[in-house]
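Take a look at the structure set out below.
Read the figures in this text as sums done on the coordinates, not as results from a lab. Just so it is clear, the model here is predicted, and its values are computed rather than measured. Positions of Cβ are generated from backbone atoms using ideal geometry, with glycine treated the same way; all protein chains shown enter the neighbour counts.
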Amino acid sequence: MNILIVDDSSTVRAVIKRTLGIAGVPTDDVQQAANGQEGIEALQNNPIDIVFTDINMPVMGGVEMIERIRADDALRAVPIVVVSTEGSATRIAELQALGVQGYLRKPFTPEAIRRVVDDLAEVSNENSRA
Amino acid sequence: MKTVGLDTLGEVFGEIVEQMAFMFVEAIEEGDEAVPAPSECLIAHLKFGGEFSGKLSIAVPTEMCAELAANMLGEEADDPDAIAKGTDALKELLNVLCGNLLTAFAGEDPVFDLGVPESLPFSPEDWEALKASPVTVPYIVDEYPVLLHINFGDDG
């Protein structure tokens, strides 16, 4: 599975990658980006199956990155999971309206990250069958 | 409000530290002078705004940061990578604590905007001054003394 992790903290990126590994998700092909701009460049240059992204980042934040991905015909189908510390139901609804498929609230467990990946894989399989 | 708020602070802090770094939090009883100021410490601050605004701060011994990073990353505390990522790990702990604390205080409806965590070196004298504040709560995290300080208001 080709995964892109977008977060301005290299520590957080390493924690997400490690947790994916503990959850049994292959992490050999994990790409990393430090902000939304780098995230879009990584998407344009690599086949990516799922994006995990933070919201508050310098240069380009997560919301702007998501809006640009969803407006781009070549990128719009990629599943996006927001990883954030915020627990506001209002904010989560706003993100879903932007086309975010998953939300992972920090701190998260390997089981939670596995559930999100499995749910997205199921949706992707259903879409392929349709 | 203050008592309820500080109780909630301790509960959420304990849960977050255990989940993120597998470390255990103990409250220090009021008047307990057994915990001296560390010789080298760091403080991290995070401002928040929304339903209410303020600033949450955490002060820790510098050596605790590497252990925090090591536990979060599955490394040894003397691993150069854990040492390099120690300050970043402290800021991430503060970020996660603040987000979860605001939900605990205000529920899941309000939207809060969190700033970017900042860290600064902190002297033992600064430590003692912060510890004396009525809105500072001291804890022991494993064997390390930790101070949490929360201010509500725009000048937080």
*Summing Lys, Arg as +1 and Asp, Glu as -1, what charge do residues with Cβ under 13 Å from the Cβ of A:PRO110 carry, A:PRO110 excluded?*
+2
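Using the structure shown, select from A:LYS106/B:LYS55; A:LYS17/B:LYS47; A:LYS17/B:LYS55 the pairs with a Cα to Cα distance greater than 23 angstrom.
Flagged as over cut-off: A:LYS17/B:LYS47; A:LYS17/B:LYS55.
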*Provide a whole-number value for the mean count of partner chain Cβ atoms within 10 Å of the Cβ atoms in peptide A:82-93.*
6
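Using a 10 Å cut-off on Cβ to Cβ distances, tally the other chain neighbours for every residue of B:83-95 and report the average as a whole number.
Average neighbour count from other chains, rounded to a whole number: 3.
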*Would you mind putting A:31-39, B:104-112 in packing order, based on average other-beta-carbon counts within 10 Å, highest first?*
A:31-39, B:104-112
*Compute the Cα gyration tensor for segment A:3-129, then decide on rounded, prolate or oblate, letting a ≥ b ≥ c be the square roots of its eigenvalues: rounded whenever a/c is under 1.5, prolate when a/b is larger than b/c in the other cases, and oblate in all that remain.*
rounded
*Show which aspartates and glutamates lie in cross-link reach of B:LYS85 when reach means a straight Cα distance below 15 angstrom and same-chain residues fewer than eight apart are skipped.*
A:ASP7, A:ASP8, B:GLU63, B:GLU67, B:GLU75, B:GLU76, B:GLU118
_Run the helix sum for chain A: -39,500 (n - 2.57) per DSSP H stretch of 4+ residues, divided by residue count, reported at 222 nm to the nearest 500 deg cm²/dmol._
-14500 deg cm²/dmol
*What percent do you get for the relative contact order of chain B when only Cα pairs under 8 Å and 6+ apart count?*
33 percent
*Hey, if you put +1 on the Cβ of every Lys and Arg and -1 on every Asp and Glu Cβ in chain A, which of A:MET57, A:SER88, A:ALA71 ends up farthest toward the positive end of that dipole?*
A:SER88
*Where nothing but the Cβ of Lys and Arg (+1) and of Asp and Glu (-1) is charged, how large is the charge dipole of chain A around its Cα centre, in debye to the nearest 20?*
300 debye
*Computed over chain A: relative contact order in percent, which uses C-alpha pairs under 8 Å that are six or more apart*: 23 percent
